[in-house]
Amino acid sequence: MPEQTTSAAVPDIEDLRATIAEILDVDASEVTDTADFKEDLDVDSLLALEILVTLERKYHVKMEESNLQLMRSLKVVHDLLAEKLETA
C-alpha cells in the first residue's frame with residue numbers, strides 16, 4: 001500500500017490549534033473547535049491581527065483583513081485556511 005501524504009491544501013487542525021494556543025498563551029485544550037475567540041478566549045483586535053499575520057507566515061498565504069471579522073473559532077480559521085491553500 002502506498003504511503004499516504006497529507007495534502008498541503010488542508011492544514012492539520014491540531015497543529016493549527018497549538019499555533020493559536022501559543023499566540024493566545026492558553027492551553028491548547030481551551031482552543032476547542034467551536035470556542036469563540038472573542039467571547040471565550042478574550043481575543044481582542046490586536047491578538048486577532050497577530051493570529052492572522054502568524055498564519056500568513058506559517059502557511060504562506062495572504063489573508064484579507066476583512067477575514068478578521070470571520071476568524072472567530074478554530075473551525076472557521078481552519079476552513080478559511082483550507083480554502084486559501086486550495087486556491088494558492
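The values are calculated or read from the model by the stated rules, or taken from the named source; none is laboratory data. These figures come from a predicted structure and were not determined experimentally. All Cβ positions, even for glycine, are placed from backbone atoms using ideal geometry, and neighbour counts span all protein chains on display. For the accessible areas, the whole protein counts, side chains as well, though only heavy atoms, and no ligand, DNA or RNA atoms are used. Shrake-Rupley method; radii C 1.70, N 1.55, O 1.52, S 1.80 Å.
Just a few scattered comments:
- Filter result for ARG17 (among the basic types (Lys, Arg), under 23 Å from GLU86 (Cα atoms), touching a helix residue (DSSP H, G or I) at 6+ places or on another chain (Cβ under 6 Å) and in a helix (DSSP H, G or I)): yes
- Residues (of a type in the set (D, E, K, R) and surrounded by 10 or more Cβ atoms within 10 Å (Cβ to Cβ)) located in the range 46-59: GLU50, GLU56, LYS58
- Qualifying residue in the range 50-65 (condition: at positive phi and in contact (Cβ under 8 Å) with a residue 24 or more places away in the chain): yes
- Among residues of the range 59-74, those that are in a helix (DSSP H, G or I) and either in contact with a strand residue (DSSP E or B) (Cβ under 8 Å, 6 or more places away or on another chain) or modelled with pLDDT of 95 or more (or both), counted: 1
- Qualifying residue in the range 37-45 (condition: within 18 Å of ASP12 (Cα to Cα) and either under 13 Å from the mean Cα position of the chain (by Cα) or exposed (fewer than 14 other Cβ atoms within 10 Å of the Cβ) (or both)): no
- Within the range 27-36, restricting attention to residues that are open to solvent by 40 Å² or more (accessible area, probe 1.4 Å) and in contact with a Leu (Cβ under 9 Å, 6 or more places away or on another chain), the residue that is farthest from ALA88 (Cα to Cα) is GLU30.
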